[in-house]
Amino acid sequence: MKSSSNKSQSTTKAHHSIDVRDFIHTHISSYDGDASFLVGPSPKTKALQAVVTKLMQEEKKKGGVLDVDTHTISQINSHKAGYIQKQDEVVVGLQTDAPLKRGVKPFGGVRIVEKACKEYGYTLDPAIVDMCTKYRKTHNDGVFDAYTKEMRMLRSLGILTGLPDNYARGRIIGDYRRVALYGIDALIAQKEQDKDNITGDMTDDTIRVREEVSEQIKALSMMKKMAQEYGFDISRPAQNAREAVQWTYFAYLAALKEHDGAAMSLGNVSSFFDVYIEKDMKEGKLTEEEAQELVDQFVLKLRLIRHLRMSEYNALFAGDPTWLTEAIGGAWCDGRHKVTKTAYRFLQTLYNLGPSPEPNLTVLWSKHLPMAFKKFAAKVSIDTSSIQYENDDVMREACGYDDYGISCCVSLLKTGKHMQFFGARCNIVKALLMVINGGRDEVEGVQVMANVPELKGEYLDYDAIYPKFKEALAYLAYHYVNTMNVIHYMHDKYYYERAQMALLDTHLERVMAFGIAGLSIVADSLSAIKYARVRPVRDERGIATAYEVEGDYPKYGNDDDRVDAIAKEVVSFFNAELHKHKIYRNAQATLSVLTITSNVVYGKHTGATPDGRPAFAPFAPGANPMHGRDTSGAIASLNSVAKLDYAQARDGISNTFSIVPRALGADGGEQVDNLVSLLSGYFAKRAHHLNVNVFNKELLEKAMQHPEEYPQLTIRVSGYAVHFANLSREQQQEVLNRTFFESM
Amino acid sequence: MLRVHSIETFGTHEGPGVRFVLFLQGCKLRCLYCHNPDTQAMTGGTMMTVDEIVEKVEKERVYFGEKGGVTASGGEPILQAEALGVLFETLQARGIHTALDTNGALVIDAHIEHLLAHTNLVILDVKHLDDAKHRELTGKSNRNVLAFADYCEKKGITMWLRHVLVPGYTDSDEHLNAWSAYFKNFKHVERAEILPYHTLGAYKYKKLGIPYKLEGVKPPTKEQVAHAKMLLQNHLPHVYIR
């Protein structure tokens, strides 16, 4: 039964096709107008925001964690209903029974949870430790039982890093909208039917799927019970906008109660909500103020999501991120755009509730987007730096589907139809250094790869090194795939995401998302070896600890094909190598060029490189050119990144762009127009992703206090560009004054 | 061949929209407040052919949007009018908007005429109307500059005027009034831009071993800039601050 109206869904009959996309596609009211209809926060939202602000300040004061329930293993029904300030909440539901109180989720690995508790001054209930060490195995234990010596070595040397082998893998996006559109009972009926159809020879695969679907059905029943705790009956479909938002949030909350995955993204709910909001408004049941209040309060709830993590983890990812990514905008395969008034309302939350990295609002950029929306998004970017952009035209074409969400930062998942095995990253700089050091690790000196000859000659020889580098990449790809296979086998076995999987099709496409770190350093190093003369300085072990670069060489980030082609080829080569191997549950390999904020940590574990980078200095983030080397202006830099082929890096190519408002133009209107031009051009070049940071005064002041943390910050005034960190204090102060001149 | 100091691929202050800015090497003026003294020498830089530059421009054309294009700046671009004229003619033939950011301090010859015939926008920096003051500021007379403006007006070339606001040098009420009054009947002056003086170029002087003559001069305050804008607006309708 296709869903033609949200009212016709109050049946417990099985749906032959669950199709949220069709519902939105049929009912969406695309909006071409501007932002003038938007309103500010309601009194209730303001009241809640005041309470939340105070709680967050307390949380900060207490070292980052306000409270932990150390006695209860967090599950869908583990906690009683919790509120911020009940009378003001139009959307309810918290992860535990109090705002910002974190739950414990030990099934990824109990030692990590124990350590995280300790770091924040808490003690994990010994009964939980006992249970997870003596009576119930965790994911982490499973993985280490199966790891080979080689896997352990690659892991401990930091060649394979951030592996989800002791925490929840995350990255799955449940189609949370299904609960609102169909109600839990219909979803259970569908899953029961799916299960009945899984018959035949009872092989490992069949048995596993039958068990998994049973778990999913349990999770759905638990969701119903959780909603009852808050006084809602979600067994039936949502009947209005408030219910649609509430039902969807409950589904998402269920997932967040059971897992603390590295990234647990939301998908694309704004256009779905808009269908209900439009209908209610047409029928006179909802005002604009109430619609915005719903969206504001939904977003406020998302901002309260917390996971209990070790400080080491937070250092790796710079802060306490959750990556609750919501994709906004984009277009249908038929060319109509998906911008609705609710897309605007979501961006408006950055004004109504203030700027925030979470939820991670992601604008799907398409040539089909109406100009008014492009301009509004650009304006919000300039004002808040809180939006990232991704190329909808390229992604839609690549996956042939137009209802997808973004997992984490840049990873496309077809909503309800895709499941992802998160694969963290592989440090390919170390692969290059291994080749220069006879197969040994450049920091520890231990032998990693066999049959790598010691290099002869005073200078590095490109023709000798490049083929060997490819061999090293092939070696890594093989072990990387195997390591991932072990991890995800165990994760499915010991820490299965029943709540999220219940909201996906039973028979779905799986992808395994691999990643590389250090692309720009590899490209520049190979370019230096090829176009300049690089002399390694070796220590008594014969390991190169420094490199002397004689002469200049083309650097990635200047739209120079000589080096950009190297970066492109490395990506394609590694991607092809990944595809050669057998992957767990027949998942498709995908590859990302993404380090988010962990580039500093990767750098700390990596010795000096032939591009002249000193030992242990930070990497550039994601696919960014190395800071200070893209000297031909922003567009040349963007063009270099745009050359990387999305088809070869289907898990995403991340680029971070930082600028001060003045460098975008003299006044607000110019800045918006120029940012729109920049984004349009970049995406017309088929680039994949852009993070836009428009630095505000506060940030520049911070950069003055800690210039070492902002090596990339470039100040551009008429015909003049300089790194902020290189200016004297007085000049920095002047920049600060000039940068914020435009208020005149 | 053009002697190029550097290229900025994302210029947002040198004409309308997003611009490919070609900074040409060499200038005969010695403006006290020049923030690019490294572009003054007539030697150095990189020699590039028109084709090489066109190829680079084409790579970023998709970023220009409806308004953007190419701006030649410097240094002083009209010192290389012959080759630059060929470049602008080629760019215009490809439908690319061309802007010339100049001090206009040369006698207009055939090469400059050809260049201006293929220029969509002239951004003219008129540093002072008083010839003696102009000499004091730049080392040269303003006679050619004003003739340049007249020529553009006569030929119907759109002009944006620029004025660097240097406290104690170019910010007196009398001067600002005279400056704007002079241009009030120019039909092709589309806007005037105030460039508040800044000291960010000072470190380059140290590096080049040239004494910095404006040592100690402070950038104008917000109020001073607003005041200047108000004065210019007495005669010119569209005044912007860069």
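The values are calculated or read from the model by the stated rules, or taken from the named source; none is laboratory data. Everything numeric in this text was worked out from a predicted model, so none of it was measured. Every residue, glycine as well, gets a Cβ built from its backbone with ideal geometry; the counts of neighbours run over all protein chains shown.
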The residue from B:Val4, B:Val50 that alone is more than 13 Å from chain A (Cβ to nearest Cβ), among the β-branched types (Val, Ile, Thr) and surrounded by fewer than 24 Cβ atoms within 10 Å (Cβ to Cβ) is B:Val50
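Checking the conditions here, which among B:Tyr240, B:Tyr197 is within 30 Å of B:His97 (Cα to Cα), within 11 Å of another protein chain (Cβ to nearest Cβ), surrounded by fewer than 18 Cβ atoms within 10 Å (Cβ to Cβ) and not aliphatic (A, V, I, L, M)?
B:Tyr240
Specify which of the listed residues (A:Lys86, A:Lys115) is of a type outside the set (Asp, Glu) and over 26 Å from A:Lys224 (Cβ atoms). Before the answer, list the steps.
On the way: A:Lys86 fails: over 26 Å from A:Lys224 (Cβ atoms).
Unique residue meeting the criteria: A:Lys115.
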Within region A:654-681, can you find the residues that are more than 8 Å from chain B (Cβ to nearest Cβ), within 16 Å of A:Ala636 (Cα to Cα) and touching a residue at least 60 places away in the same chain (Cβ under 8 Å)? A:Leu675, A:Leu679
Please find, within region A:682-714, the residue that is nearest to the chain's Cα centre (by Cα) out of those that are modelled with pLDDT of 95 or more and within 13 Å of chain B (Cβ to nearest Cβ). A:Ala687
Condition (residue is touching a residue at least 40 places away in the same chain (Cβ under 8 Å), more than 11 Å from chain A (Cβ to nearest Cβ) and in a strand (DSSP E or B)) applied to region B:9-19: is it met by at least one residue? no
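For a quick check of your reading: which helices (runs of 4 or more DSSP H) sit entirely within region B:126-192 and have at least 2 residues that are closer than 17 Å to B:Leu236 by Cα and touching a Phe, Trp or Tyr at 6+ places or on another chain (Cβ under 9 Å)? Talk me through it step by step, then tell me what you get.
On the way: elements: B:131-138, B:143-155, B:173-182.
Here the list reads B:143-155.
Go through region A:303-402 and tell me which helices (runs of 4 or more DSSP H), entirely inside it, have 1 or more residues that are more than 25 Å from A:Arg242 (Cβ to Cβ). Spell out the reasoning first.
Values: elements: A:311-316, A:341-352, A:371-384, A:392-399.
Hits in region A:303-402: A:311-316, A:371-384, A:392-399.
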Residue count for region A:129-164, restricted to those that are assigned to a loop (DSSP other than H, G, I, E, B) and farther than 13 Å from A:Lys493 by Cα: 8
Every listed condition ((1) within 14 Å of chain B (Cβ to nearest Cβ); (2) crowded, with 24+ Cβ neighbours inside 10 Å) holds for A:Ser632 save (2)
Selection within region A:192-216 - touching a helix residue (DSSP H, G or I) at 6+ places or on another chain (Cβ under 7 Å) and not in a helix (DSSP H, G or I): A:Ile198, A:Gly200
Given (1) surrounded by 19 or more Cβ atoms within 10 Å (Cβ to Cβ); (2) farther than 24 Å from A:Ala424 by Cβ, index of the condition A:Val601 fails: (2)
Return a yes/no flag: does region B:96-106 have any residue that is surrounded by fewer than 24 Cβ atoms within 10 Å (Cβ to Cβ), assigned to a helix (DSSP H, G or I) and either within 14 Å of chain A (Cβ to nearest Cβ) or at pLDDT 95 or above (or both). no
Go over the candidates A:Tyr182, A:Tyr230 one by one and state the one that is under 29 Å from the mean Cα position of the chain (by Cα) and not acidic (Asp, Glu). A:Tyr182
The number of residues in region B:63-95 that are surrounded by fewer than 22 Cβ atoms within 10 Å (Cβ to Cβ) and touching a residue at least 60 places away in the same chain (Cβ under 8 Å) is 1
Output for Cβ contacts, cut-off 8 Å, separation at least six or different chains, first residue touching a residue at least 24 places away in the same chain (Cβ under 8 Å) and at positive phi in region B:224-240, second surrounded by fewer than 17 Cβ atoms within 10 Å (Cβ to Cβ) and part of a helix (DSSP H, G or I), reads none
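Could you please give the count of residues in region A:559-583 that are in contact with a Pro (Cβ under 8 Å, 6 or more places away or on another chain) and part of a loop (DSSP other than H, G, I, E, B)? Lay out the reasoning, then the answer.
Filtering region A:559-583 down to residues in contact with a Pro (Cβ under 8 Å, 6 or more places away or on another chain) leaves A:560, A:562-563.
Now restrict to residues that are part of a loop (DSSP other than H, G, I, E, B): A:560.
Matching residues across region A:559-583 total 1.
Would you check if there is a residue in region A:565-578 being of a type in the set (Lys, Arg) and at pLDDT 95 or above?
First, the residues of region A:565-578 that are of a type in the set (Lys, Arg): A:568.
Filter again for at pLDDT 95 or above, leaving A:568.
Yes, because at least one residue in region A:565-578 is of a type in the set (Lys, Arg) and at pLDDT 95 or above.
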